[in-house]
Amino acid sequence: MKYIFSFFIALSINAANLDNKFVHALHMVESGGRVGKIVGDNGRALGPLQIHKSYWQDAVTFDKTIGGSYSDCVKLDYSIKIVNAYLNRYAEKAILSKDYKKLARIHNGGLKGDKKEATIEYWNKVNKYLK
């Protein structure tokens, strides 16, 4: 049991953390800085960072220490954990290099969001808050 516990601590310690400035920019674009039960994207996204259920599932599968349920995405601190886990799963190098463009586009468009032309406009909105 001791080894399993140590393994989970190592996982959470080794995860890259999103920069507060980037999280703030996402928060402003996704919900105008509001908190609470915000429903968007025609009922498919929840909370201040507008998390989709499949995004949440991906994140909690990757980082089992998060726990909780999808409805917890209404809380900003929980949503930040979800976004951090999701982006660590698919774009850890971008977190470490502070490649905000890639991170924003993946957050908005999924795993290959940084390759989709449709996410460029989203990136432009996020970038305004980074300046």
Quiz item: Would it be correct to say that I4 is at pLDDT 95 or above, part of a helix (DSSP H, G or I) and among the β-branched types (V, I, T)?
Solution: no
Exercise. Report, by residue number, each residue of segment 29-63 that is without any contact (Cβ under 8 Å) to a residue 24 or more places away in the chain and either charged (D, E, K, R) or under 22 Å from R89 (Cα atoms) (or both).
Key: E30, R34, D41, R44, A45, Q50, H52, K53, S54, Q57, T61
Quiz item: Being under 11 Å from the mean Cα position of the chain (by Cα), surrounded by 20 or more Cβ atoms within 10 Å (Cβ to Cβ) and assigned to a strand (DSSP E or B), is that true of even one residue in segment 26-39?
Solution: no
Exercise. Report, by residue number, each residue of segment 82-131 that is of a type in the set (V, I, T) and over 10 Å from the mean Cα position of the chain (by Cα).
Key: I95, T119, I120, V126
Exercise. Within segment 68-100, track down each residue that is among the hydrophobic types (A, V, I, L, M, F, W, C) and within 17 Å of G113 (Cβ to Cβ).
Key: I82, V83, A85, L87, A91, A94, I95
Self-check item: segment 114-127 - residue that is of a type outside the set (A, V, I, L, M, F, W, C) and in contact (Cβ under 8 Å) with a residue 60 or more places away in the chain and, of those, surrounded by the most Cβ atoms within 10 Å (Cβ to Cβ)
Solution: Y122
Quiz prompt | Only listed residue being farther than 15 Å from L26 by Cβ and among the hydroxyl-bearing types (S, T, Y), chosen from Y70, Y122 | solution = Y70
Quiz item: How about segment 44-79: which of its residues are within 19 Å of G32 (Cβ to Cβ), touching a helix residue (DSSP H, G or I) at 6+ places or on another chain (Cβ under 6 Å) and among the β-branched types (V, I, T)?
Solution: I51
Quiz item: Which residues, counting only those in segment 82-113, are in contact with a helix residue (DSSP H, G or I) (Cβ under 8 Å, 6 or more places away or on another chain), open to solvent by 30 Å² or more (accessible area, probe 1.4 Å) and part of a helix (DSSP H, G or I)?
Solution: R89, Y90, Y100, K101, K102, N108
Self-check item: Pick from segment 40-81, criterion among the β-branched types (V, I, T), outside any helix (DSSP H, G or I) and surrounded by fewer than 23 Cβ atoms within 10 Å (Cβ to Cβ), ranking: nearest to the chain's Cα centre (by Cα)
Solution: I66
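The values are calculated or read from the model by the stated rules, or taken from the named source; none is laboratory data. If you're wondering where the values come from, they're calculated on a predicted model, not measured in any experiment. Positions of Cβ are backbone-derived with ideal geometry, glycine not excepted, and every protein chain shown enters the neighbour counts. Only protein heavy atoms, including side chains, enter the accessible area calculation; ligands, DNA and RNA are left aside. Shrake-Rupley method; radii C 1.70, N 1.55, O 1.52, S 1.80 Å.
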